[in-house]
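The block underneath contains the structure these notes are about, expressed in structure tokens.
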């Protein structure tokens, strides 16, 4: 049996919040420094890390932001907020006389632009909240099918997640040793109040699949096949 990659309820909440945000954000205009998770913790977007120091808050910015764009971010924040005197210190923004929670509450919804960085920023920062190791003692590696992801789609109305994969290595044992070529992995998220139910245990297991991108590799154990559509029980990345 494969042990899934998530370990705590707090982590579930972060991943679910971030996955839903990532799925929706490609059609939105806003790209803020941070977003807030369902358990009221700050998750990085353009910001990558932060700390309170020297009477203010230092914020390290996503690595693809060059010096010119960093100055644009500083100028935009200073323009939007009265009495704001954001400074640039090295590769970091410095917010004097600020506390993290108070500062981020003010700027969490501010669109800082940079459409060309949306996908790379969101994908790279989302990796901070995905564990990429598994407990190998819990399953037989010979049962795993290895594949590369080609496309990830989520139907918001139905909650159906579809991942198109191309198999690279067949399983050595089990009932699905002959699988080859392209398949679609499908999972339908349980919903409550017309939203994905973050408390559902199966949803918790499969939420990390929402964060996969074209080119990512995945290993999984199928439990059902209908044509070119697979249902899987467990996966590792």
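The values are calculated or read from the model by the stated rules, or taken from the named source; none is laboratory data. All of these numbers come straight from a predicted model, not from anything done at the bench. We place every Cβ from the backbone using ideal geometry, glycine too, and count neighbours over all the protein chains shown.
Points to keep in mind about this one:
- Qualifying residue in segment 123-133 (condition: touching a strand residue (DSSP E or B) at 6+ places or on another chain (Cβ under 6 Å) and either modelled with pLDDT under 85 or not assigned by TED's automatic domain parsing to the domain that holds residue 223 (or both)): yes
- From the options 182, 160, 228, residue that is modelled with pLDDT of 85 or more, assigned by TED's automatic domain parsing to the domain that holds residue 140 and within 18 Å of the chain's Cα centre (by Cα): 160
- Residue in segment 74-90 that is nearest to residue 110 (Cα to Cα), counting only those that are in contact with a strand residue (DSSP E or B) (Cβ under 7 Å, 6 or more places away or on another chain) and surrounded by 14 or more Cβ atoms within 10 Å (Cβ to Cβ): 74
- Hey, residue 1 over 16 Å from the mean Cα position of the chain (by Cα) and at pLDDT below 80 or not: yes
- Residue check for residue 175: modelled with pLDDT under 85 and more than 15 Å from the chain's Cα centre (by Cα): no
- Unmet requirement for residue 198, which otherwise passes all of (1) surrounded by 13 or more Cβ atoms within 10 Å (Cβ to Cβ); (2) at pLDDT 85 or above: (2)
- Total residues in segment 53-70, condition loosely packed, with under 12 Cβ neighbours inside 10 Å and either at pLDDT 85 or above or farther than 18 Å from residue 32 by Cβ (or both): 6
- Extreme residue, surrounded by the most Cβ atoms within 10 Å (Cβ to Cβ), among residues of segment 156-178 that are in contact with a helix residue (DSSP H, G or I) (Cβ under 7 Å, 6 or more places away or on another chain) and assigned to a loop (DSSP other than H, G, I, E, B): 171
- Within segment 179-224, the residues that satisfy the criterion of being out of contact with any strand residue (DSSP E or B) (no Cβ under 7 Å at 6 or more places or on another chain), under 16 Å from residue 161 (Cα atoms) and part of a strand (DSSP E or B) are 191, 195, 196.
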